[in-house]
Structure formats: structure tokens, C-alpha cells
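One structure is given below, encoded as C-alpha cells.
The values are calculated or read from the model by the stated rules, or taken from the named source; none is laboratory data. Note that the structure is predicted; figures quoted are calculated from it, not measured. Cβ: placed from backbone, ideal geometry, glycine included. Neighbour counts: every protein chain shown.
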Amino acid sequence: MDARLQQRVQRYGWDRAASYYEQSWSRQLAPAQNLLMTMAELQPSERVLDIACGTGLVTFRAAEAVGAGGEVVGTDISEAMVEACRATATARGIANAHFERMEAEKLLLPDASFDVVLCALGMMYVTDFAGSIREIFRVTKPGGRAVSAVWGKRDRCGWSEIFSIVERRVQSDVCPMFFQLGTGDMQATLFASAGFTDVTSERITTILEYENGEEACVAAFAGGPVAMAYSRFDDATRESAHAEYLESIAPYKRGDGYAIPGEFVVTRGRRA
Ligand SMILES: C[S@@+](CC[C@H](N)C(=O)[O-])C[C@H]1O[C@@H](n2cnc3c(N)ncnc32)[C@H](O)[C@@H]1O
């Protein structure tokens, strides 16, 4: 898929997913976000960039960790996500977090301007992995660090059929490279190629729990990366796609609900 088109699909798809996102994913992504926060070792007064910040689940934790003397900038390709973050910051009276709509591939930010750069579950969606990690390196201060969490290997993510189920109904690729960064040492290798040193990765397994099939379908179709294509499905197409997805996760059925295995890879590097 052409890069500009992929960015548009992501941008407007996540605009649609924004209102479902936290109910669908905050519990499921917490293990990866917790590990990312631990590996980031944020200190009071640090200046932090959170790329692909979504609704700010990590950004607001980072803002609390750096305190009033620090600052966090959250960026995301989706205007609806950025607006959601601004609304939360206003509602909670958080003054040290600011948000801008921005593509990870081209950060409109000065060189060497952040102590720490974070990206939680965002890198899988960018159109240029190596270029985006080089952008992370460029904006990290010498002595600073960067941490990125991505989904792991495809065959360890029990929900992975969602992509091919949607692709067959739109006759085009949906996130074709989604599982690449989480396979082998790919993310760590790209960190090292971008110039980071002391690069380490941790791989953790997780279980995605859903109360019932409807909750699992809302998360997979409406609240995530296929939301753009899904928004254009008619009722019959939605019904058949839901049925196929539920069949693909049937091995993980527990009573009325589901316990689907997943894997995350979290990588950290330091800019010397
Ligand atoms: C799974 S959400 C993760 C949100 C948040 N970091 C979290 O941990 O909850 C992925 C986010 O990546 C954003 N995204 C997708 N492609 C992007 C790109 N090329 N540049 C910046 N953000 C992008 C989406 O808009 C979405 O908000």
C-alpha cells in the first residue's frame, strides 16, 4: 500500500476508533505500558515525548512521573485522539502535558530536545520503521533514552486473524507490516542502526480478556487499526466478519468470555 494512503487509513481510522479505544484496550495494553514505564525510568523534571499517544494512557502517567518541573508532549496522527487528550488534561487540570497532531515519520520538533522518547503500541502502524526510529533518535538529547513497546510475533497473538478477515473484504492490505517489529530482534536492530547504544529488549506474554463475543468484536473491529475499513462495511459484511473472527478465537473461549494469548516486545536504547 502507498505510504500516504496507509497514513490516511490510520489517521481517519483512529479518529473513528477514539471513542471505543479505552473501553476496548486500556486493560489489555496495561502490561506493555507498565513495562515501558519501568524501562523508561522517568525522573522528576525530565522532558518527555510520547509518540502515537492515543488517548494519553501513557502520556498522563509520564506527566505525573516527571512532576510539575517536567513536561510531556504527546503526539498522534489522529486529531480525535489529540482532542481527547486535550479534553482529559483540561478536565484533570494537568498543566505539564501538551498535545499536537503529528506523524511519527516526520516529527516537527527540534533536534536533541527530549530526555526521554516513548512510543507505546504505535510503531507497528508507521509507514517507515527505520525512518521513524531515526526520528526518535534525532529528537533524543545526548545522554537521553527511548523506549518503544510493540506487539510480538504473529503466531503468539491469538487475535491476529483480524487483519486477513478484513483484508479479504476490502481486497487490499490492512497494516501489512504489523507484526514485523515484534519478530526476532527487528526493533532492537533498528534502534542500534539509528544510533542508540545499550539497546535491550524484553518480550512478555499476556492474556487479553473479554467478557463475551461482542466485547471481543468491538475491540478488534471498531476500537483498533481496522476501524477505517470496518466503518464502510454494510450490516451483512459486518455480521460475516464478526462470525469469522469469533471462529478464529474460538480456541480461547472460556465460558461466555475469551482469554486470548498475546505477546509484547519492549525495547530501550540510550543516546550516547
Ligand atoms: C494502539 S494506539 C496506542 C495509543 C497509546 N500509545 C497507548 O498506549 O494507549 C495506536 C496509536 O497510534 C497512532 N498512529 C498510527 N499511525 C501513526 C503515525 N504514522 N504517526 C503517529 N501516530 C500514529 C494512532 O492514531 C493511535 O492513536
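Of note:
- Residue in region 117-175 that is modelled with the highest pLDDT, counting only those that are farther than 22 Å from residue 201 by Cβ and of a type in the set (Gly, Ala, Ser): 164
- Failed item, numbered, when residue 166 is tested on (1) crowded, with 21+ Cβ neighbours inside 10 Å; (2) within 15 Å of the chain's Cα centre (by Cα); (3) within 30 Å of residue 217 (Cβ to Cβ): (2)
- Qualifying position, being within 9 Å of the ligand (Cβ to nearest atom) and buried (at least 23 other Cβ atoms within 10 Å of the Cβ), among 72, 58: 58
- When region 104-126 is limited to residues that are in a strand (DSSP E or B) and either aromatic (Phe, Trp, Tyr) or surrounded by fewer than 23 Cβ atoms within 10 Å (Cβ to Cβ) (or both), the one that is farthest from the ligand (Cβ to nearest atom) turns out to be 115.
- Restricting attention to region 31-41, the residues that are in contact with a helix residue (DSSP H, G or I) (Cβ under 8 Å, 6 or more places away or on another chain) and surrounded by fewer than 22 Cβ atoms within 10 Å (Cβ to Cβ) total 2.
- Within region 71-106, the set of residues being of a type outside the set (Val, Ile, Thr) and closer than 14 Å to residue 47 by Cβ comprises 71, 74, 96, 97, 98.
- Unique residue being surrounded by fewer than 16 Cβ atoms within 10 Å (Cβ to Cβ) and of a type in the set (D, E, K, R) when the list is 263, 214: 214
- Counted residues, region 219-260 - those being in contact with a strand residue (DSSP E or B) (Cβ under 6 Å, 6 or more places away or on another chain) and closer than 26 Å to residue 183 by Cα: 5
- Qualifying residue in region 20-41 (condition: away from the ligand (no atom under 11 Å from the Cβ), out of contact with any Gly (no Cβ under 8 Å at 6 or more places or on another chain), modelled with pLDDT under 95 and under 22 Å from residue 101 (Cα atoms)): no
- Leading residue by the ranking (farthest from residue 170 (Cα to Cα)) among those in region 224-272 that are free of Cβ contacts under 8 Å to residues at least 12 places away in the same chain and among the acidic types (Asp, Glu): 247
- Condition check for residue 195: in contact (Cβ under 8 Å) with a residue 60 or more places away in the chain and surrounded by 20 or more Cβ atoms within 10 Å (Cβ to Cβ): no
- Scanning region 78-103 for residues that are within 13 Å of the ligand (Cβ to nearest atom) and over 18 Å from residue 22 (Cβ atoms) turns up 100, 101, 102, 103.
- Elements of type strands (runs of 3 or more DSSP E) in region 1-103, at least 3 residues being in contact (Cβ under 8 Å) with a residue 60 or more places away in the chain: 47-51
- Residue 228 meets all of the listed conditions (1) modelled with pLDDT of 95 or more; (2) crowded, with 18+ Cβ neighbours inside 10 Å; (3) hydrophobic (A, V, I, L, M, F, W, C) but one, namely (1).
- Among the criteria (1) of a type outside the set (Val, Ile, Thr); (2) within 19 Å of residue 131 (Cβ to Cβ); (3) part of a loop (DSSP other than H, G, I, E, B), the one residue 191 does not fulfil is (3).
- Counted residues, region 42-55 - those being among the aliphatic types (A, V, I, L, M) and near the ligand (Cβ under 7 Å from one of its atoms): 2
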